[in-house]
Amino acid sequence: MLNNIKYFIAGFLLLLFLTNIASGQNSNDSLFHSFGIDVGYFSTLGDWKKHRYAVGVDQFQGSFNFGAELETKLLNAGIGFLFSYSKLSVEDWEKFAQHEGDQIDASASMVNLGILLKLYLLTEIPQMLNLDVGVCYIFSEGHETFETYSYDYNFLKSGIGFITGMGYKHLLNKKIALVFNVRCLIKPDGIKYADGKSYTVIGLPLTLGIRYFF
């Protein structure tokens, strides 16, 4: 818990610092808002996705990603409020168990609630390019059923994480834009086993979406 608090404070101070820079550069920009929906693929990166005992088996693989974002934005800087749901594929682990003669039914997912500082590097309409930096709270959960036994993946830990990435918008008109986002999601100690062994969770959501300006 203490580490999570330190991570949160560090991320919050970074946001304040960058926001002050952006505000100073864009004091004459007009304010407007947008809302959008994104869909795509959530890719799992790093050792955290590997099964701890089944060699060569990825317990958590990438899968479908869905998200929504509300943005309050200056011309070259803004704040985004993000929700995303990422399903984690456990198919590799289920197939391995089946090959060994066992029948396992498992599932896992992550829900992310975050706030992003969006620094715009390009605003030559109809093209817009932004850098995203933010903090988030990640809710991770997983479940497995084996024969008559059913249990949660309590080694999946929820808590404070970080987001960084880039987004590209192509405006179709004054109200609608197509969006492509590449982001990296990082959750320190997102995997923590009972013996104290832990891993940083790293995910790469690649999404396409649409934005409505109002």
FRET E, pair residue 174, residue 91, Förster distance 45 Å, beta-carbon r, rounded to 0.05:
0.55
Have a look at 114, 128, 150 and report the one farthest towards the positive end of the charge dipole of region 110-159, computed about the Cα centre with Cβ charges (Lys/Arg +1, Asp/Glu -1).
128
For residue 73, the lysines lying under 30 Å Cα to Cα, once residues fewer than eight places off in the same chain are dropped, come out as 6, 87, 118, 169, 174, 175, 187
Loop only by DSSP, 15 or fewer other Cβ within 10 Å of the Cβ. Give me the trypsin sites (Lys or Arg not before Pro) in region 46-94 that pass, ordered by residue number.
52
Can you report the principal axis dimensions of region 86-214 using only the alpha carbons, biggest first, rounded to whole angstrom?
59, 29, 23
Round to the nearest 0.05 the FRET efficiency obtained for residue 152 and residue 100 when R0 = 25 Å and r is the Cβ-Cβ distance.
0.65
Once the piece of chain linking residue 113 and residue 35 is laid out straight, how much longer is it, given 0.36 nm per residue of separation minus the C-alpha distance between them?
26.6 nm
With r as the distance between the Cβ atoms of residue 83 and residue 47 and R0 = 41 Å, compute the FRET efficiency 1/(1 + (r/R0)^6) and round to 0.05.
0.90
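FYI, it's all coordinate maths here, none of it is from the lab. Keep in mind it's a predicted model, so treat the numbers as computed, not measured. Glycine gets a Cβ as well: all are built from the backbone with ideal geometry, and neighbour counts include every protein chain shown.
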